[in-house]
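Visitor: Take this structure first; my questions come after.
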Amino acid sequence: MLQAKHIRSVLRQVCVAAVLLLVAGPAWGQAGKQLIINHFVSDPAVIEGHLVVSDVEGKGGTVNIAVFDEQGNLVGKATETIPPGGKLNVNGEKYVLGKKMVGTMRITSTANVAGQYWQFYKDAALGWKNIAVPAAVGPGSTKLVCQHFVADPAIESYIVVADAEGTGPTVYVEFYSDQGELAGQTKIEIPKYGKFSIQPLALVGNKKMTGVAYIQTEGGKITGEYWQVSEKEKYQVAHAMQGGAPIAEVIEDDPIVRVQVQFDFDSDKIQKRSYADLLEVAKAMNGDKNKGKKYEVGGHTDNVGKDEYNQKLSERRANSVKDYLVKYGKVDAKRLSIVGYGPKQPIVSNDTPANRAINRRVEFKKL
Amino acid sequence: MKYTRNVLFAAALLLLASRVLAQGAEKYIINHFVNDPSVIDAHLVITDVEGNGPIVAMKFYDNDGNLIGEGKELIQPFGKLNLDPGKYVKKVANGTIHIEAQGGNIVAEYWQFYKDPKESWKNTTTVGQDAAGYTKLVCPHFVSDPDVEVYIVLANTDGKDAIVNVVFHDDNGREVGKARELVKANGKTALLPWNIIKTKATGVAFITAQGGKITADYWQAEKAKSYQIATPIAGI
């Protein structure tokens, strides 16, 4: 029979977990107080570009709209009011006085809002190009995945990435085939508050293919979209890219954080795609909430190979992560202690390559 | 007792960490798919987001929530699948796709292309959604107009019948209509704002679900202007 004390204890833990989940939720919901339209066109002779901002809580509010060109120059701004339960539907050219331009719109609101950008063509013969894209919500991500791209000379496709925070980050894009083979990569600096558009075809050696693009940053967060248009087949589609969550905000509040740091096979060399995560971890460790606090950097391996070898490998990997945090993240080395766990603490059974990859990890524990 | 508490707490934290740090999700839903090979070329795209190469199990349901097809496939690490629903569904049908990944997170999308080149202006794509679903959603924009074909697509995500209430407000926030629908477990339904509001309007639709969780899309097509658009509806 369960004792009342036990029940209370379990309930307390469930409540803590629920609160933590609630805390985690809003920043990554589909509505928020900060929106970004990643791609906006003002070209009054050709396009009607509508900004839609809707109140999601029935309270109404004030929204501030800032329009930036691709280079990140502020070219227009306005303040608007949304009635409770209503929405704003404005031709965006109004905010730049009809000037022809391409750029981003950044919206901050006193209420939680959801946004969209509708791009309609004035020439009825181009109606097939009409498009609507949801606004990106929140502070952006350090990682995005473009779940599908086409590289084909007969199809125009664009990966659009916008700086979300005004920090002008460096962006790394890796293109993989459907079979998971690396087909191309590039590195781009975004101007502060700016954006860029790249065409996959040129970056995969003009090879006709379809695949996945993985995008990550150093020095700030981003939002992004994928656009695909075929003049021949007469269609245009666009959708938002999915982002990853901000590690920094998690590590600030939690005593343990699991980060899947990627290493080369049988090596302690950290793969480039993990740099952004580690910089986020460093940022959190140096944040006000955690300043001076000490952490254990725990290395874990899968179960392939001898335990003794894996033990040393896990220590070397934890040490690589510590070195990275100290050198590039400016974390005081004295705050970090290294522990190698080898294969002794798997998260999942080591029965498939995918599960083994999950077990090869580094965890940060607040001491 | 203390041990149990610690295990529970650690499990909660791990759950939190994996939920918050993850890109994509283990369970995804495509709110609307069509299998009609003579008319539509449909593509289900499922992408590995973490380089783990998960196995994905797919279940295809009709609008009433009946299972009409299923399949299992492996995604290569950093790769993706581009599948024809007709491989798994052997009849003309319309419904939802539930996807569950083992061994890594995924994202998914649905592409609907028309085989008749004269209909290509209808080609469109929708992104899949985390199948955790919502009980509150907001459709940021709808049109009520007899000349514009509009659907609010409501899909049941968690295998329990849901009663869905939709309240339509115009742009100024004035209530202009409401609807109450049953969305069967694993099924879906579509609302046409014009049939409910009966006057021309644009606005915002507030959606709540009771008894089960849902996800939703908004579809808008206009033959006179030759366009079709589909966007996900925000869960809040």
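The values are calculated or read from the model by the stated rules, or taken from the named source; none is laboratory data. Fair warning: this is a prediction, and the values are worked out from it, not measured in the lab. No Cβ is skipped: glycine too gets one built from the backbone with ideal geometry, and neighbour counts run over all protein chains shown. Ligands, DNA and RNA are stripped out before the accessible areas are found, and what is left, the full protein with its side chains, is counted by its heavy atoms. Shrake-Rupley method; radii C 1.70, N 1.55, O 1.52, S 1.80 Å.
Visitor: For labels at A:D264 and A:E57 in the simple 7 Å Cα→Cβ model, what's the distance in nm?
Guide: It is 5.0 nm.
Visitor: Going toward the positive end of the dipole of segment B:72-202, with +1 on Lys and Arg Cβ and -1 on Asp and Glu Cβ, which of B:T202, B:A185, B:V153 do you reach last?
Guide: So the residue furthest toward the plus end is B:A185.
Visitor: Provide the net charge surrounding B:D145, with neighbours chosen by a C-beta distance below 13 Å and charges set as Lys +1, Arg +1, Asp -1, Glu -1.
Guide: Local charge sum for B:D145: 0.
Visitor: Sort the following peptides by mean Cβ neighbour count (other Cβ atoms within 10 Å, averaged over residues), highest first: B:157-169, B:175-187. All intermediate terms of the calculation are to be shown ahead of the outcome.
Guide: On the way: B:157-169: 19.3, B:175-187: 17.4.
Going from most to least packed, we get B:157-169, B:175-187.
Visitor: When only Cα pairs under 8 Å and 6 or more residues apart are kept, what is the percent relative contact order across segment B:27-130?
Guide: 42 percent
Visitor: Here's a follow-up. Does chain B come out rounded, prolate or oblate by the C-alpha gyration tensor, with a ≥ b ≥ c the root eigenvalues, rounded set by a/c under 1.5 and, if not, prolate when a/b is larger than b/c and oblate if not? Mind dumping the intermediate values first?
Guide: On the way: a/c = 2.06, a/b = 1.28, b/c = 1.60.
Oblate, because a/c is 1.5 or more while a/b does not exceed b/c.
Visitor: What is the dipole size for segment A:4-243, taken about its Cα centre, with +1 at each Lys and Arg Cβ and -1 at each Asp and Glu Cβ, in debye to the nearest 20?
Guide: Dipole of segment A:4-243, to the nearest 20 debye: 780 debye.
Visitor: Quick one: net charge of A:S42's neighbours, Cβ under 11 Å, K/R +1, D/E -1?
Guide: Overall, the nearby charge balance is -1.
Visitor: Leaving out ligands, DNA and RNA, and with a 1.4 Å probe, what % of the accessible surface on the protein assembly as shown is carbon or sulfur?
Guide: Carbon and sulfur: 53 percent of the exposed surface of the protein assembly as shown.
Visitor: Continuing with the same structure: State whether segment B:46-173 is rounded, prolate or oblate according to the following rule on the C-alpha gyration tensor (a ≥ b ≥ c being the square roots of its eigenvalues): a/c under 1.5 gives rounded; otherwise a/b larger than b/c gives prolate, and the remaining case gives oblate.
Guide: prolate
Visitor: Measuring with a 1.4 Å probe in the full set of protein chains, what accessible area per residue, in whole Å², belongs to segment A:4-243?
Guide: 38 Å²
Visitor: Right, next: Filter the DSSP H helices in chain A by two things, a Kyte-Doolittle mean of at least 0.5 and an axial alpha-carbon span of 18 angstrom or more, and list the hits by number.
Guide: Membrane-span-like by this criterion, though nothing is claimed about a membrane: A:4-24.
Visitor: If you don't mind, there's one more thing I want to ask. Net charge within 11 Å of B:H32 by Cβ-Cβ distance, Lys/Arg positive one each and Asp/Glu negative one each, not counting B:H32 itself?
Guide: 0
Visitor: Express the Stokes-Einstein translational diffusion coefficient of chain A in µm² s⁻¹, to the nearest whole number, given a Kirkwood radius over alpha-carbon pairs, 4 °C and a viscosity of 1.567 mPa s.
Guide: Translational D for this selection: 57 µm²/s.
Visitor: Pairs of Cα atoms under 8 Å, at least six residues apart: use those to get the relative contact order of segment A:153-214, whole percent.
Guide: It comes to 42 percent, rounded to a whole number.
Visitor: Using the per-residue mean of other Cβ atoms lying within 10 Å as a proxy for protection, in what order, highest first, do the peptides B:29-39, A:127-137 fall?
Guide: Highest mean packing first, the order is A:127-137, B:29-39.
Visitor: What average number of partner chain Cβ atoms lie no more than 10 Å from the Cβ of the residues making up B:44-54?
Guide: The mean count of partner-chain Cβ atoms within 10 Å per residue comes to 6.
Visitor: If you place +1 on the Cβ of every Lys and Arg, -1 on the Cβ of every Asp and Glu, and leave all else neutral, what size is the dipole of the protein assembly as shown about its Cα centre, to the nearest 20 Debye?
Guide: Roughly 1760 debye for the protein assembly as shown.
Visitor: Please tell me the relative contact order of chain B in percent, rounded to the nearest whole number, where contacts are Cα pairs under 8 Å and at least six residues apart. Don't skip to the end; give the middle numbers.
Guide: Values: 652 pairs, mean separation 52.3, N = 236.
Value for chain B: 22 percent.
Visitor: Roughly what would the spin-label model give for A:K330 and A:D123, points 7 Å off Cα along C-beta, in nm?
Guide: 5.2 nm
Visitor: Per residue of B:131-137, count partner chain C-beta atoms within 10 Å of its C-beta, then hand back the mean as an integer.
Guide: 1
Visitor: Hey, another quick one. When DSSP beta bridges are limited to those with both residues in segment A:248-366, what percentage is antiparallel, rounded to the nearest 5?
Guide: 70 percent
Visitor: Which residues of segment B:61-85 end up with at least 10 Å² less accessible area in the presence of all protein chains than when their chain stands alone, using a 1.4 Å probe?
Guide: Listed in order, they are B:Q76, B:P77, B:F78, B:G79, B:K80, B:N82.
Visitor: Mind checking the full-extension length gain between A:D152 and A:K344? Use 0.36 nm per residue of separation minus the Cα-Cα distance, one decimal, nm.
Guide: 64.4 nm
Visitor: So how much accessible surface do B and A hide from each other in total, probe 1.4 Å, in square angstrom to the nearest 100?
Guide: In total, this chain pair buries about 5700 Å².
Visitor: Just from its helices, what would the mean residue ellipticity at 222 nm be for the protein assembly as shown, if runs of 4 or more DSSP H residues each count -39500 (n - 2.57) and the sum is divided by every residue, rounded to the nearest 500 deg cm²/dmol?
Guide: Working: 8 runs with 94 residues, N = 603.
Taking each H run of at least 4 residues, the total per residue is -5000 deg cm²/dmol.
Visitor: Which order do the peptides A:67-79, A:193-205 take when ranked by the mean count of other beta-carbon atoms within 10 Å per residue, highest first?
Guide: So the peptides A:67-79, A:193-205, ranked by packing, come out A:193-205, A:67-79.
Visitor: Label segment A:86-233 by shape, choosing from rounded, prolate and oblate, from the square roots a ≥ b ≥ c of the eigenvalues of the Cα gyration tensor; if a/c is under 1.5 it is rounded, and otherwise prolate applies when a/b is larger than b/c, oblate when it is not.
Guide: Taking the square roots of the gyration eigenvalues as a ≥ b ≥ c, segment A:86-233 is oblate.
Visitor: Also, I was wondering about something else. Shielding of A:221-229 by partners, i.e. mean partner chain Cβ atoms within 10 Å per residue?
Guide: On the way: counts 0, 0, 0, 0, 0, 3, 0, 3, 0.
Taking the mean over all residues of the peptide, I get 1.
Visitor: To make sure I understand the rule: partners must be lysines, Cα under 21 Å from the Cα of A:K234, and not fewer than 8 residues away in the same chain. Which ones qualify?
Guide: Once the sequence-local lysines are set aside, what remains near A:K234 is A:K122, A:K129, A:K208, B:K115, B:K118, B:K122, B:K223, B:K225.
Visitor: Taking the 0 to 90 degree range and rounding to the nearest ten, how far is the long axis of helix B:2-21 tilted relative to the main principal axis of chain B, both from C-alpha atoms?
Guide: Tilt of helix B:2-21: around 40 degrees.
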